[in-house]
Amino acid sequence: MTTMTTVAGKTSTPSQERREPRRGESGWKRRAPLLPALVFTIAVTQVPFLLTVIYSFQSWNLVRPGSRHFVGLDNYVDVFTDSQFRVAMVNTVLLTVVCVFVSMLLGLGLALLLDRAFPGRAVVRTLIITPFLILPAAGALLWKTTMFDPAYGLVNFLFGAEVDWLSEYPLASVMAQVVWQWTPFMTLLLLAGLQAQSKEVLEAAQMDGAGRWRTFASVTLPQLARYLHLAALLGAIYIVNSFDAIYLMTQGGPGTASTNLPFYVYQRAFEGFDIGQSSAMGVVVVAMTLVVATFALRLMFRSFDVSGGVK
């Protein structure tokens, strides 16, 4: 005779109760293949960051053996009172804002052009994507030697000038290379948003007598809002960490004219050998990036449903 158990209005048998742990075990078995990836991610990201936090509370210069000792928050005080750090932070904000805005604007224009049917559109689309597929280091060297060279650069040839762009306009030169690198990404993302528009809505706007500009401002642009938010977030996350272009094109100079936070942290760690202060700078940069990313994600969640749908 089978014993019946009633829980919360439901009847179950001992055999059914014995099956529940097995379902849980099967769930863990399905997740087990992901465990090596999780361990690897923690090992290469979280463990180094934890060590960076520990080093940030110490005074440790590699050129002075035996100088390692605990100093508390002194490194963080030095970071916020460092004038070069403030200059690097301003350059980072300026570089990120200008590059994201300009690349989004150019990407929107190119996406509007590519959304129309014309002969050779597939070839043009492939050519526009090409800069994003080039390695950042290769792209930086290309712009340094081919575009901005004062003797035989294409920019001086086109404008008929003799300007050493990397010395006289270092930050603007880096911005030009970064914008060239990221405009294809913005184009692809916004083109996907344009092609996701409802054709019925566009036809209804035309039937109501709306012109191209009115249709773009009242129908297309609101539809692209969520894609613009996503493009701005992803672009800012990657551009704020720009290092290759500055290292290979200007070396942060002249002086600190084109130095951003990642390059300044590199200088203090690998040129100044100051592990303590460079670690404190790294922690501050990560904290500021997390704050900005949190606000950006909250803005995105207003457009995208957390469950995966779009509002």
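The values are calculated or read from the model by the stated rules, or taken from the named source; none is laboratory data. All values reported here derive from a predicted model rather than from experimental measurement. Virtual Cβ from ideal backbone geometry, glycine too; neighbours counted across all protein chains shown.
What the table below lists for this structure:
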item: Residue match in region 234-247 (condition: surrounded by fewer than 21 Cβ atoms within 10 Å (Cβ to Cβ), within 30 Å of Q197 (Cβ to Cβ) and of a type in the set (G, A, S)); result: yes
item: Pairs with Cβ under 9 Å, 6+ apart, first in region 279-294 and farther than 16 Å from Y55 by Cα, second not hydrophobic (A, V, I, L, M, F, W, C); result: T289/N241
item: Test for A176: is it assigned to a loop (DSSP other than H, G, I, E, B) and among the small types (G, A, S); result: no
item: Filter pass, S218 being polar (S, T, N, Q) and either buried (at least 17 other Cβ atoms within 10 Å of the Cβ) or assigned to a loop (DSSP other than H, G, I, E, B) (or both); result: no
item: Qualifying residues in region 196-215 (those that are in a helix (DSSP H, G or I) and of a type in the set (D, E)) - the one surrounded by the fewest Cβ atoms within 10 Å (Cβ to Cβ); result: E200
item: Residue within region 139-162 that is closer than 28 Å to A296 by Cα and in contact (Cβ under 8 Å) with a residue 24 or more places away in the chain present; result: no
item: The listed residue being over 20 Å from V240 (Cβ atoms) and in contact with a Phe, Trp or Tyr (Cβ under 7 Å, 6 or more places away or on another chain), out of F132, F148; result: F148
item: Set V102, V53, V90: member being farther than 19 Å from A287 by Cβ and of a type in the set (V, I, T); result: V102
item: Enumeration of residues in region 50-79 that are modelled with pLDDT of 90 or more, surrounded by 12 or more Cβ atoms within 10 Å (Cβ to Cβ) and not in a loop (DSSP other than H, G, I, E, B); result: T52, V53, Y55, Q58, S59, D74, N75, Y76, V77, D78, V79
item: Selection from region 122-156 of residues that are surrounded by fewer than 14 Cβ atoms within 10 Å (Cβ to Cβ) and assigned to a helix (DSSP H, G or I); result: A122, V123, T126, L127, I129, T130, L133, A137, A138, T145, T146, L154
item: Out of A151, A140, sole residue that is in contact with a helix residue (DSSP H, G or I) (Cβ under 7 Å, 6 or more places away or on another chain) and closer than 28 Å to G253 by Cα; result: A140
item: The one condition in (1) over 22 Å from A138 (Cα atoms); (2) assigned to a helix (DSSP H, G or I); (3) touching a residue at least 60 places away in the same chain (Cβ under 8 Å) that A236 fails to fulfil; result: (1)
item: Count of residues meeting criterion [within 17 Å of A176 (Cβ to Cβ) and buried (at least 20 other Cβ atoms within 10 Å of the Cβ)] in region 253-277; result: 2
